[in-house]
Amino acid sequence: AKESGKARYELFDVDMHNNAMKRLRIENDLRNALQKNQIKVYYQPIVDLEQNKIIAFEALARWNHHELGFIPPDEFIPIAEETGMIHDIGQFILHHSLGTLKFWQTQYSQANDIAISVNFSSKQIEQHDLISEIELALQENELPSSSLKVEITEGLLIENEKLAQKLLKKLTESSIPVLLDDFGTGYSSLSYLHKFSLHTIKIDRSFINQMERSEEHLTIVKTIAFMCSHLKLGVIAEGVESDEHIKILKHLGILQAQGYRFSKPVPADEAQKLIVNFNA
Ligand code: C2E
Ligand code: CA
Ligand code: CA
Ligand code: CA
């Protein structure tokens with residue numbers, strides 16, 4: 001018994017060691033990932049359920065490492081935030097996705113009404129010239145401010161309330177809608193909903209997932225929808241995976257949705273095909 005205990009310990013140490021090594025490796029290689037064209041942008045449609053049309057694409061970062069293979073954003077974005085590399089990565093995602101939208105628009109008139117929704121982490125918001133960078137990215141691609149949506153999470157509003165308040169006000173004044181991502185998962189103080197200039201709430205997929213099975217989750221979704229309609233906030237349901245989800249959402253008056261039911265996040269050329277098929 002003593003022997004096996006020791007063996008388990010060693011195994012555990014090896015695991016910890018491997019994890020630490022992998023993290024170090026990711027941290028090191030992330031520095032060159034942009035230059036090596038390993039960071040890609042994938043696009044997931046956000047659909048209007050009434051018109052059955054794509055109204056926006058969320059831009060999602062992907063890293064295809066030459067040896068480690070595909071590394072999910074949940075793994076490398078936090079490291080990018082800690083090391084400050086999120087600034088360069090965020091810049092790249094912003095410019096690249098808007099450039100892609102412009103390209104689609106030159107190919108298909110249906111793409112003219114579509115927007116790109118970009119995730120911004122707290123670290124990026126602390127950058128003092130973020131607004132001018134956003135405006136520059138729009139100008140460079142000759143796009144109106146309505147072509148961009150900014151996704152932030154609740155954490156940001158708490159960590160840096162004054163700064164967030166100023167930034168959100170400026171974005172709203174520039175006609176750039178601000179979306180509150182993953183709503184319901186964080187600290188979820190309802191005071192944010194009127195304290196900050198928010199345009200739309202994205203209900204986290206953990207609530208949508210459970211709607212059919214759990215009365216509590218359904219009630220939460222229903223209540224968020226009710227609240228948003230009274231506060232004149234838009235609502236997007238995340239993680240919509242089935243026709244049953246769509247049916248419930250429509251019944252609750254939630255008419256914008258995103259999820260695998262429509263498409264998983266896909267590369268630009270596949271997203272372009274979705275525009276042609278959906279918004280014909
Ligand atoms: P998020 O912003 O909440 O993005 C939605 C995530 O849900 C995506 O994961 C997407 O693939 C996944 N998803 C979409 N529909 C469904 C569905 O129907 N079912 C299920 N089970 N999942 C669905 P992904 O692409 O792995 O991104 C994870 C997170 O990484 C994002 O969560 C976001 O917080 C972060 N992230 C991704 N790209 C960026 C970026 O460019 N900048 C920043 N700051 N964060 C990013
Ligand atoms: Ca998001
Ligand atoms: Ca989300
Ligand atoms: Ca998230």
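The values are calculated or read from the model by the stated rules, or taken from the named source; none is laboratory data. Since the structure is predicted, the reported quantities are computational estimates derived from the model, not experimental observations. Note that each Cβ is placed from the backbone with ideal geometry, even for glycine, and that neighbours are counted across all protein chains shown. Quick note on the areas: whole protein, heavy atoms, side chains included, nothing else; ligands and nucleic acids left out. Shrake-Rupley method; radii C 1.70, N 1.55, O 1.52, S 1.80 Å.
Just need the Rg to Rh number for the chain, please, alpha carbons only, Kirkwood Rh.
Numbers: Rg = 20.4 Å, Rh = 20.3 Å.
That ratio is 1.01, to two decimals.
So for the chain, averaging the separation of alpha carbon pairs under 8 Å that are six or more residues apart and normalising by length, what relative contact order in percent results?
Details: 406 pairs, mean separation 52.6, N = 280.
Contact order relative to length: 19 percent.
Using only the alpha carbons, work out the radius of gyration and Dmax of the stretch 83-199 in angstrom.
14.4, 43
What do you get when you divide the Cα radius of gyration of the stretch 117-174 by 2.2 N^0.38 Å, with N the number of residues?
Rg over 2.2 N^0.38 Å, computed on Cα atoms: 1.10.
Carbon-plus-sulfur fraction of the accessible area of the stretch 65-173, 1.4 Å probe, in percent?
Ligands and nucleic acids excluded, carbon and sulfur give 50 percent.
Per residue of the stretch 226-232, in order, report the coupling 6.51 cos²θ - 1.76 cosθ + 1.60 (Karplus, θ = phi - 60°) as ³J(HN,Hα) in whole Hz, putting x for Gly and Pro.
The phi angles translate into 4, 4, 5, 5, 6, 8, 6 Hz.
Beyond 17 Å, what share of the Cα-Cα pairs of the stretch 67-116 is found? Please give it as a whole percent.
53
With the cut-off at 1.5 for a/c, could you classify the stretch 173-280 from its C-alpha gyration tensor as rounded, prolate or oblate?
On the way: a/c = 1.98, a/b = 1.23, b/c = 1.61.
Oblate is the answer for the stretch 173-280, as a/c is 1.5 or above yet b/c matches or exceeds a/b.
What net charge is computed for the residues neighbouring Q35, neighbours being all others with C-beta under 13 Å from the C-beta of Q35, Lys and Arg scored +1, Asp and Glu -1?
Net of charged neighbours comes to 0.
Identify the residues of the stretch 239-266 with backbone N under 19 Å of a label point that sits 7 angstrom from the Cα of T223 along the Cα-to-Cβ direction, or state none.
249, 252-254
Work out, step by step, the length gained on full extension between F278 and D13: first 0.36 nm times the residue separation, then minus their alpha carbon distance; give nm to one decimal.
90.3 nm
How much of the DSSP bridge set in the chain is antiparallel, in percent, rounded to the nearest 5?
That works out to approximately 45 percent antiparallel.
Looking at this model, which pairs from K170/K250; K222/K247; K149/K232; K169/K222 are more than 22 angstrom apart at the alpha-carbon?
Flagged as over cut-off: K170/K250; K169/K222.
Quick check: with the 1.4 Å probe, what order do S121, S191 take by accessible area, largest first? Walk me through the intermediate numbers first.
Working: S121 20, S191 40 Å².
Solvent-accessible surface, decreasing: S191, S121.
Quick check on the stretch 1-149: what does the Kirkwood estimate of hydrodynamic radius come out to from the alpha carbon pairs, in Å?
Radius from the Kirkwood sum: 17.7 Å.
Distance between Cα centroids, the stretch 126-161 to the stretch 236-268: provide it in whole Å.
25
Bin width 10 Å, alpha-carbon pairs only: give the P(r) of the stretch 98-149 as whole percents, running from 0 to the bin holding the largest distance.
Going out from 0 Å in 10 Å bins, the stretch 98-149 shows 23, 51, 21, 5 percent.
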